[in-house]
Amino acid sequence: MIREIEAFIYREARLLDERRFEEWIELFAPEGYYWVPGAPDQEDPYQSVSIFFDDLPLLKTRIQRIRHPKIHSQEPPTRTCHLVSNIELAKGENIDDQIAVFSAQIMTEFRLDKQRSYSGRVRHLLRLTAEGNFEILWKRVDLINCDGLFETLTIPF
Amino acid sequence: MDSYDQVSLSSLIGPDRVHKDYYIDPEIFKLEIDRIFSKSWLLVGHESQVPNPGDYVTLTLLDQPMLMSRHRDGSIHVMFNRCSHRGARVCTKPSGKALRFECPYHGWAFHTNGNHAGVPYPERYADGFIKGGDFDLARPPKQELYRGFVFVAFDSEVCDLDSFLGPMRDHIDNMVDRSPLGELEAPAGMFRYRFAANWKIQLENLNDLYHPMFTHASTTAEDGTQFRRQGAEGDEAGKVKLLEKHSSLNMQWEEQVIAGHAHGHTYMQRFPMDRENQGPVYERYKRSMVDAYGGDAEAKMMVHHHNSIFFPHWSIQYMTQHIRIMNPISVDCTENIIIPLKLKGAPEEMWKSALRSNNNSHSPSGMVMADDMDAWVRCQEGMQANGHDWIVFARSVGEESIDNEGSFEGLGTSEANARHQHKAWLHYMCGTVQGV
Ligand code: FES
Ligand SMILES: [Fe+2]
């Protein structure tokens, strides 16, 4: 199983780097969400500000915006490289068809001669569908600089 | 000697334009810190950031390391975060709780109101040296609290807070009065940014109705409506129509009032589609407001403005519900903090919606913030170019009404808001602002 999960997570990262955002959001379950807390050790998204806290409709809006011909903040577009490692299945947290996965990630991004890197711990809660595919119930990225000074961000971690 | 005198300062500001040095000359920036920021009331934050005795936050105000704490008697204290011994920063965590502050370098201690609490092994100091010395944590010469907003001034000569705010006091009241308890809270922390543009570019942007349909075009769907910024799941509240079909301008914008008062403060009228005033959550909110204020409830619930800028460095945005503090770092660098505000006693759903709205539009990934910040940085970069020396603010020049008290009122996509700030800037820089 771990091999399939690794393959799923690597592919997810590649879809983002290849700017295949529509395919990326298709990985999410209809009730799925993507969360990047704005403070360390948050227990729920209403405790503190979030850098991203997107349900599927908002993710779609975000992707529409990235594809908008007049998105001047993406001229030229940000290039990214997501490096995912340290994948583990979270023991004991798995119920029925749900699998919790830990990983670590470095996303390096480049735009307008500036290179920045963002590191963080990632947690996925995946569900095994009846067809035998995985879908993302939630993905949470805890950046080590979550409450630090930022410029703007466009591409998800 | 300063290289700028009144004449050369005045020559930077035309009736419909400003010279690019206004934004790019480091000498101007230094003068601004002395003559504008040090002569103004500055917002430190909200008292609910330190709700309980012993709570503290550290922050930077201009280039100064500061500390805000709540003492055991409930009072709020703003201090310079600098040990009175050899100058170490006393607290380094963004926020924390302390019985008293202890400097880690040699153990000097301070009460949570900043008073010196003693030094270890005092016998090696001359008799009376410690007791007789002024070793409290230093405080800015002025501090005031208004309805939960904490202000300081770095110059004791500044006018009183009331005259500084003038009619803008109502803008604070309007935010606070919308709470059934008459109190705001800042329970969700803050977003922090640093970007490569002069502080005044952002200030000119916040009441600029000329830019949204261009700068924020990418936030709109095909019908020209922006993504939902405010309101509960599924309702249409807070959907702003930026563009008509086929990306023509929505002429509704031209009817919006933009206005301002003495000291450079400006504001604009709320967007007509700010929020949906119906539905079960709204009804519950309305009931709690009527319980609290009776016949005044309706007036207190009314949102009057979209955002209000308190020159030179902070603003309230009513639609998204936040305060923004803009800290000038250097001539081409500004730091922002954005603190979402909760209406205490209002239905929890309203707070959740406001917080999500802040995440969606003004977080580092926020779809509105990214557009604006990109534009500000473009301006700073572009202004380095030779060829044109002037930055043009001529739109609807002379159409605004101006009164003797220093207030103005204009309409829609006029650039009168920026012209008003330019005038205030010149007054400050030449030392001629009313009441200062
Ligand atoms: S510097 Fe603080 S105790 Fe010495
Ligand atoms: Fe904007």
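The values are calculated or read from the model by the stated rules, or taken from the named source; none is laboratory data. A quick note: this is a predicted structure, and the numbers were derived from the prediction, not measured. All Cβ positions, even for glycine, are placed from backbone atoms using ideal geometry, and neighbour counts span all protein chains on display. Heads up: the accessible areas ignore ligands, DNA and RNA and are worked out on the full protein's heavy atoms, side chains in. Shrake-Rupley method; radii C 1.70, N 1.55, O 1.52, S 1.80 Å.
Some notes on this structure:
- Search result, residues across the range A:10-48 that are part of a helix (DSSP H, G or I) and either facing chain B (nearest Cβ under 10 Å) or of a type in the set (F, W, Y) (or both): A:Y10, A:F21, A:W24
- Scanning the range B:417-436 for residues that are more than 18 Å from B:L165 (Cβ to Cβ), over 20 Å from the mean Cα position of the chain (by Cα) and surrounded by 20 or more Cβ atoms within 10 Å (Cβ to Cβ) gives a single hit, B:M429.
- Within the range B:118-132, the set of residues being among the charged types (D, E, K, R) and within 14 Å of ligand 1 (Cβ to nearest atom) comprises just one member, B:R124.
- Residues in the range B:162-189 that are open to solvent by less than 40 Å² (accessible area, probe 1.4 Å), of a type in the set (A, V, I, L, M, F, W, C) and away from chain A (no Cβ under 14 Å): B:F164, B:L165, B:M168, B:I172, B:M175, B:V176, B:L184.
- Looking across the range B:79-117, just one residue is of a type in the set (F, W, Y), touching a Pro at 6+ places or on another chain (Cβ under 9 Å) and near ligand 1 (Cβ under 9 Å from one of its atoms), and that is B:W108.
- For the range A:64-80, the criterion of being more than 23 Å from B:E335 (Cα to Cα) and away from chain B (no Cβ under 14 Å) is met by at least one residue.
- Taking (1) hydroxyl-bearing (S, T, Y); (2) in contact with a strand residue (DSSP E or B) (Cβ under 6 Å, 6 or more places away or on another chain); (3) more than 9 Å from every other protein chain (Cβ to nearest Cβ) in turn, B:S363 satisfies each apart from (3).
- In the range B:359-378, residue nearest to ligand 2 (Cβ to nearest atom) [restricted to those that are assigned to a loop (DSSP other than H, G, I, E, B) and closer than 15 Å to B:Q321 by Cα]: B:G366
- In the range B:195-211, residue farthest from ligand 2 (Cβ to nearest atom) [restricted to those that are among the aromatic types (F, W, Y) and more than 7 Å from chain A (Cβ to nearest Cβ)]: B:W199
- Test: B:R192 is more than 19 Å from B:H313 (Cβ to Cβ) and either within 14 Å of chain A (Cβ to nearest Cβ) or open to solvent by less than 10 Å² (accessible area, probe 1.4 Å) (or both): no
- Of all residues in the range B:366-383 being of a type in the set (D, E, K, R) and surrounded by 18 or more Cβ atoms within 10 Å (Cβ to Cβ), the one that is farthest from the other protein chains (Cβ to nearest Cβ): B:D372
- The residue that is most open to solvent (accessible area, probe 1.4 Å), among those in the range B:136-157 that are in contact with a Gly (Cβ under 9 Å, 6 or more places away or on another chain) and in contact (Cβ under 8 Å) with a residue 40 or more places away in the chain, is B:R139.
- Elements of type strands (runs of 3 or more DSSP E) contained in the range B:118-207, each with 2 or more residues being assigned by TED's automatic domain parsing to the domain that holds B:K342, of a type in the set (K, R) and under 21 Å from B:I337 (Cα atoms): B:191-195
- Among residues that are without any contact (Cβ under 8 Å) to a residue 12 or more places away in the chain, open to solvent by less than 20 Å² (accessible area, probe 1.4 Å) and either over 19 Å from B:L203 (Cβ atoms) or within 16 Å of ligand 2 (Cβ to nearest atom) (or both), B:N386 is not included.
- Note on the range B:274-358: enclosed strands (runs of 3 or more DSSP E) holding 1 or more residues that are open to solvent by 10 Å² or more (accessible area, probe 1.4 Å) and within 14 Å of chain A (Cβ to nearest Cβ) are B:322-330, B:333-340.
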